[in-house]
Each structure stands twice: as C-alpha cells, then as structure tokens.
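Q: Let me give you the structure first, and then I'll get to my questions.
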Amino acid sequence: MSDQSTLQQIQSIEGKVHQLVKQYQAGQERLQAAHQEIARLQQVIQEKDAEIKNFQNQDNISKIVQTIAVDTASSTELKLKINEYLREIDKCIAYLRE
C-alpha cells in the first residue's frame, strides 16, 4: 500500500469523524431543547392542575353556600368568607411545605 493511499484513507476517516462529531453535537442540542420543552410543559401542567383545583374549590363553595344560605346577601357574604378561609389554609399549606 502506498503512502498516498494511506494518506487518503486517513483523510477519509478524519472527514467521517468530523461528520459524526457534528451529528453528535446536533443531537445533543436537540436533546437539550427537548428537555427544556418537557420542563416547560410540566410547568404548564402544574399551572393547569392548580387552576382545576381552584375551579373545583369554587364549585364546592357554591354548592355549600347554596345548601346553607337562603337569601342572596348572606349567600354572597358566606361565599366570600369561605374563600378567605381557603386562601388562608392554602397559605398555611405553602408555608409548611417550605
């Protein structure tokens, strides 16, 4: 085998190695972007879960108020008071988690 042939093979291998390195780096960038997207979507899910919980609490409060209160004025007042209590409970839970 001649020196020229060996040199060409080495250059060919180097070119392929460079291509593989570029493909690897591109793959790493796509993987990092996918991880960022996963984290973003998990945050969105948490926010939506919190919204759903809030809506469920509001629905439960409305049902409780409707069964307890007879007139509209006391119904609204009772609903506001229950909402205030729930906010305080949520603050306590958040404080305990820290």
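Q: Taking the condition of being touching a helix residue (DSSP H, G or I) at 6+ places or on another chain (Cβ under 8 Å) and either modelled with pLDDT of 65 or more or within 13 Å of residue 86 (Cα to Cα) (or both), how many residues in the range 59-74 meet it?
A: Counting residues in the range 59-74 that are touching a helix residue (DSSP H, G or I) at 6+ places or on another chain (Cβ under 8 Å) and either modelled with pLDDT of 65 or more or within 13 Å of residue 86 (Cα to Cα) (or both) gives 6.
Q: Tally the residues that are of a type in the set (S, T, N, Q), open to solvent by less than 100 Å² (accessible area, probe 1.4 Å) and under 25 Å from residue 90 (Cα atoms), restricting the search to the range 26-57.
A: Adding up the residues that qualify gives 3.
The values are calculated or read from the model by the stated rules, or taken from the named source; none is laboratory data. Treat the numbers as computed from the prediction; the structure is a model and nothing was measured. Counting neighbours? That spans all protein chains shown, and the Cβs are built from the backbone with ideal geometry, glycine included. These accessible areas exclude ligands, DNA and RNA; they are computed on the full protein's heavy atoms, side chains included. Shrake-Rupley method; radii C 1.70, N 1.55, O 1.52, S 1.80 Å.
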